[in-house]
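Student: Questions regarding the structure given below will be posed in turn.
The values are calculated or read from the model by the stated rules, or taken from the named source; none is laboratory data. This one's a predicted model, so the numbers in the text were calculated from it and none came from an experiment. When we count neighbours, we look across all protein chains shown, and the Cβ atoms used for this are built from the backbone with ideal geometry, even at glycine.
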Amino acid sequence: MSSEIKITLVPGDGIGPEVTHEAVVMLEAVGQWNGVKFHFVEMPIGGAAIRQQGSPLPPATLEAALDSDAVLLGAVGGNEFNLLPPDKRPEAGLLQLRQALGGFANLRPSVAYAPLSNNSPLRPEVTEGADILFVRELLGGLYFGTPRSWDRESGVALNTMLYTREEVVRVARVAFELAQKRRHKVTSVDKANVLEVSQLWRATVTEIAAEYPDVTLEHQYVDACAMHLMNTPRNFDVVLTENLFGDILSDEAAVITGSLGMLPSATIGGKVNLYEPVHGSAPDIAGTGKANPLGAILTAAMLLRHSAGLEQEAQAIETAVQRVLAAGYRTADLARTNQPNQQIVSTREMGKHVFEVLNEIIDCSQAMHAV
Ligand SMILES: NC(=O)c1ccc[n+]([C@@H]2O[C@H](COP(=O)([O-])OP(=O)(O)OC[C@H]3O[C@@H](n4cnc5c(N)ncnc54)[C@H](O)[C@@H]3O)[C@@H](O)[C@H]2O)c1
């Protein structure tokens, strides 16, 4: 664990700055607790950067990001930019940043928080206790494979699903190592009954599994996995899969959590890890104080876990979030008419409640150490 951690903050657009602020408050509380010094360097990205400097990813932002220990992003995008060509839009800045940082493993947890059990369209007895970590390969597969084309005249389009053994090896190791710190199970998802790429995937994952005898490996076809995720989500621990399947399955599994505003993510394995809540800039609620900051706050916990080696501190934030939900506090997206004892709060108020509980956890931990 380093005692100094340099974080480039790129809050971006819409609700990005509002939710990122709450994430930073938690990191600062953790810094005061354990003496780790967080250096925050705030830089523009997306629409904010276009307005200031005419580019969605100014060179100084990229330079700062590459020169840091971690990058914490809010969200990018806004309606006023919708008519710009794709490579000039705010989203292009984020794609360029992801590519430059080079992370190949995208981690997306999907957790069924008990107090939100009625928020999911799935029955509470199905989701109860579900805690899944998706490890999605992010730089290969159909999204990047060449050749790719769309010949409008002949009416033929083509994409290429391509993986090398090395690309599978490196992401498989990430999944097995994470499973070792969790419930020791990896479900590798492919379509090996039809696709050669999946046969390479399955053979390689099986080979790598031999290095991790304490982790159980199972294979599932992607179609069956899509069904099992909804029927028996508790049976999953780490789900390892390629780019396209991971994109689809991790969105599907997000229904377990009950709101887009709850979902954190991390992209690791490249030069610098990138942390961002899953949601976008939500222009419909930006500036109204209605944004749910918990996805961003849980993203800060992932940063502590994966870039700072601060597991206890990451868990403290996650516990604080659970306790605040259990106490009935809800941002508007989490509120349900059939729920008694819920109190609707603003973005700032939700952050304040998590901060207070986090400080209680910190005080308790310090008192234990003092005994
Ligand atoms: N990673 C990113 O930065 C990212 C991801 C997705 C979309 N976008 C961009 O964001 C803009 C809006 O896109 P969209 O509307 O399709 O997706 P979105 O995620 O911004 O919003 C979808 C819906 O969910 C709600 N929502 C999202 N996050 C919330 C939160 N934290 N709390 C409460 N409610 C929340 C929004 O109000 C909206 O109704 C677009 O410009 C899009 O390109 C950016």
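Student: Run down 151, 131, 69 and say which single residue is among the charged types (D, E, K, R), in contact with a helix residue (DSSP H, G or I) (Cβ under 7 Å, 6 or more places away or on another chain) and away from the ligand (no atom under 16 Å from the Cβ).
Tutor: The unique qualifying residue is 69.
Student: Only one residue in 78, 140 is away from the ligand (no atom under 16 Å from the Cβ) and touching a helix residue (DSSP H, G or I) at 6+ places or on another chain (Cβ under 6 Å), so which one is that?
Tutor: Answer to the selection: 140.
Student: OK, next. Give me the residue from the stretch 328-350 that is away from the ligand (no atom under 16 Å from the Cβ) and exposed (fewer than 14 other Cβ atoms within 10 Å of the Cβ) and, out of that set, nearest to residue 3 (Cα to Cα).
Tutor: Within the stretch 328-350, the match that is nearest to residue 3 (Cα to Cα) is 343.
Student: Sort out for me the strands (runs of 3 or more DSSP E) sitting completely within the stretch 235-293 that have 3 or more residues that are free of Cβ contacts under 8 Å to residues at least 60 places away in the same chain and within 16 Å of the ligand (Cβ to nearest atom).
Tutor: none
Student: I would also like to ask the following. Would you call residue 189 farther than 21 Å from residue 111 by Cα, modelled with pLDDT of 95 or more, assigned by TED's automatic domain parsing to the domain that holds residue 142 and of a type in the set (Val, Ile, Thr)?
Tutor: For residue 189, the condition - farther than 21 Å from residue 111 by Cα, modelled with pLDDT of 95 or more, assigned by TED's automatic domain parsing to the domain that holds residue 142 and of a type in the set (Val, Ile, Thr) - is not met.
Student: Additional query: Among (1) without any contact (Cβ under 8 Å) to a residue 40 or more places away in the chain; (2) outside the structural domain of residue 209 (by TED's automatic domain parsing); (3) more than 10 Å from the ligand (Cβ to nearest atom), where does residue 228 come up short?
Tutor: All conditions pass for residue 228, except number (2).
Student: List every residue pair whose Cβ atoms lie under 6 Å apart, where the two residues are 6 or more positions apart in sequence or sit on different chains, the first residue falls within the stretch 12-28 and is of a type outside the set (Asp, Glu), and the second residue, located anywhere, is away from the ligand (no atom under 15 Å from the Cβ).
Tutor: Note: pairs meeting the criteria are 25/355; 26/317; 27/38.
Student: Given the residues 205, 255, 215, 222, which is the only one that is within 28 Å of residue 292 (Cβ to Cβ), β-branched (Val, Ile, Thr) and surrounded by 16 or more Cβ atoms within 10 Å (Cβ to Cβ)?
Tutor: 255
Student: State which residue is nearest to residue 36 (Cα to Cα) when the search covers only the stretch 302-352 and only residues that are in a helix (DSSP H, G or I) and among the β-branched types (Val, Ile, Thr).
Tutor: Ranking the qualifying residues of the stretch 302-352, first place goes to 317.
Student: Would you mention how many residues in the stretch 234-268 are of a type outside the set (Asp, Glu) and in contact with a helix residue (DSSP H, G or I) (Cβ under 6 Å, 6 or more places away or on another chain)?
Tutor: Total meeting the criteria: 15.
Student: Is it true that some residue in the stretch 112-125 is surrounded by 15 or more Cβ atoms within 10 Å (Cβ to Cβ) and in a helix (DSSP H, G or I)?
Tutor: The answer is yes; a qualifying residue exists.
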